[in-house]
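Take a look at the structure below.
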Amino acid sequence: MSKPGRKKLIEFYTRMVRIRKTEEKLMEVFSNGEILGFLHVSIGQEAAPVGICAHLSDLDYIATTHRGHGHAIAKGIDLKYAMAELFGKKEGFCMGRSGSMHLADKKHGIMGANGIVGGGIPIATGAAFAARYKKTDQVAVATFGEGATGEGAFHEALNFAAIKKLPIVYVCENNGWAEFSPQSIHMPIKDVISRATAYNMPAVQVSNDVLEIYEAAGKAIDHARAGKGPTLLEVKCDRWHGHYVGDAQKYRGKDAVEKAMGKDCLLNFEVTLLTDKVLQKKDIEKIGAQVQAEIDEAVDFARECSFPDPSEMMDGLYI
Ligand SMILES: Cc1ncc(C[n+]2csc(CCOP(=O)(O)OP(=O)(O)O)c2C)c(N)n1
């Protein structure tokens, strides 16, 4: 696999900035009551969605988690209609019914975020099975946290995918926390990749570096597309903010939070791009301003959209 060229590197950076700034904006509008329900942000974890989705086309599938804004953005979701969905508006991708935790967009192969921990894993596995059955060359990706790897659904799906050599990549973004529990109290092992041994599945562990993730994901996706079966990819990363927006993280301690924030995949990539002279300071500022304008436009659009009428409440339900 060839190294990403200048154009690609700038695209990766722009996408990471788009995820970061979108979630910063979401925290703001959520905190002032414009978005209801729960909101889980992935700030600090932007490298994985970008490095992985760079290898996927609109025909490929991704199923994610409650922390899934970044993957939807990296896979190319239209920010305006995604924002309308998050605001609960009728013009949103799911008519305002999914909100943050079930955000989906069929056109881009985004099978949905998921409020059920581990819920996206069998869904993506099913998509991979369908691709195999229909003899297409599509690939599916399931992303999840380390907490999900204790779920039965994870083990059944990996077993099935390994036996059938399905075209899927399982991506664990291991941020070390499942809600308010550190990994050490709910997992008897240190590395999620150890779990792949039970399914005779190749497994690769990478750091929270977009280029490292891009390379490992590229190999795993090519492997899957070539009919050679699934891979488990573990990205060691850090969750900066609380489990949900509003969680003060008292169980974690200020020092640990500051330490996590010190490891910034976006800033590190920015430094690399500046050092390698791919970008200059003024380009960084320009990208930031352009992305911010895009996000502000999406929020304005969402604000102007309308809420569904109560008479439409039962539409789309199978009863
Ligand atoms: C089946 C199920 N069990 C429990 C919950 C409650 N819950 C929501 S998120 C979460 C922790 C998930 O941790 P992890 O999978 O590591 O993902 P992260 O939040 O770190 O991204 C739990 C236990 C749930 N939503 N679904």
Within segment 66-82, does at least one residue satisfy the condition of being farther than 28 Å from Phe307 by Cβ and either more than 13 Å from the ligand (Cβ to nearest atom) or basic (Lys, Arg) (or both)? yes
Would it be correct to say that Val17 is assigned to a helix (DSSP H, G or I), of a type outside the set (Phe, Trp, Tyr), in contact with a Phe, Trp or Tyr (Cβ under 8 Å, 6 or more places away or on another chain) and at pLDDT 95 or above? no
Being more than 16 Å from the ligand (Cβ to nearest atom) and touching a residue at least 40 places away in the same chain (Cβ under 8 Å) is the requirement here; does Lys219 meet it? yes
Determine, yes or no, whether Gly92 is buried (at least 19 other Cβ atoms within 10 Å of the Cβ), part of a loop (DSSP other than H, G, I, E, B) and either of a type in the set (Phe, Trp, Tyr) or touching a residue at least 12 places away in the same chain (Cβ under 8 Å) (or both). yes
Is there a residue being at pLDDT 95 or above, on the phi > 0 side of the Ramachandran plot, assigned to a loop (DSSP other than H, G, I, E, B) and more than 26 Å from the chain's Cα centre (by Cα) anywhere in segment 276-283? yes
Residue check, Lys263 against (1) surrounded by 16 or more Cβ atoms within 10 Å (Cβ to Cβ); (2) under 22 Å from the mean Cα position of the chain (by Cα), all met but one. Which one? (1)
Which residue is surrounded by the fewest Cβ atoms within 10 Å (Cβ to Cβ), if the candidates are limited to segment 4-41 and must be without any contact (Cβ under 8 Å) to a residue 60 or more places away in the chain and closer than 20 Å to Val171 by Cα? Arg15
Could you list, ordered by first residue, the pairs with Cβ atoms under 6 Å in which the first is in segment 299-319 and in contact (Cβ under 8 Å) with a residue 24 or more places away in the chain and surrounded by 11 or more Cβ atoms within 10 Å (Cβ to Cβ) and the second is among the charged types (D, E, K, R) and not in a loop (DSSP other than H, G, I, E, B), at least 6 apart or interchain? Phe301/Lys80
Scanning segment 20-53 for residues that are charged (D, E, K, R) and part of a loop (DSSP other than H, G, I, E, B), the one farthest from the chain's Cα centre (by Cα) turns out to be Glu34
I need the full set of residues from segment 107-145 which are away from the ligand (no atom under 16 Å from the Cβ) and of a type in the set (A, V, I, L, M, F, W, C), in order please. Ile110, Met111, Ala127, Ala128, Phe129, Ala130, Ala131, Val139, Ala140
For Ser57, are the conditions met, namely being among the polar types (S, T, N, Q), more than 16 Å from the ligand (Cβ to nearest atom) and within 26 Å of Val169 (Cα to Cα)? yes
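For (1) without any contact (Cβ under 8 Å) to a residue 12 or more places away in the chain; (2) crowded, with 24+ Cβ neighbours inside 10 Å; (3) among the charged types (D, E, K, R); (4) touching a helix residue (DSSP H, G or I) at 6+ places or on another chain (Cβ under 6 Å), each residue gets a yes or a no:
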residue	(1), (2), (3), (4)
Ala84	no, yes, no, yes
Gly109	no, no, no, no
Gly120	no, yes, no, no
Gly147	no, no, no, no
Filter result (more than 21 Å from the chain's Cα centre (by Cα) and touching a residue at least 40 places away in the same chain (Cβ under 8 Å)) within segment 171-191: Met187
Restricting to segment 155-185, and then to whatever is β-branched (Val, Ile, Thr) and under 25 Å from Tyr214 (Cα atoms), can you tell me which residue is nearest to the ligand (Cβ to nearest atom)? Val171
For Ser100: the one exception among (1) hydroxyl-bearing (Ser, Thr, Tyr); (2) more than 27 Å from Ser306 (Cβ to Cβ); (3) surrounded by 22 or more Cβ atoms within 10 Å (Cβ to Cβ): (2)
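The values are calculated or read from the model by the stated rules, or taken from the named source; none is laboratory data. Keep in mind it's a predicted model, so treat the numbers as computed, not measured. Using ideal geometry, Cβ is built from the backbone for each residue, glycine included, and neighbour counts are taken over all protein chains shown.
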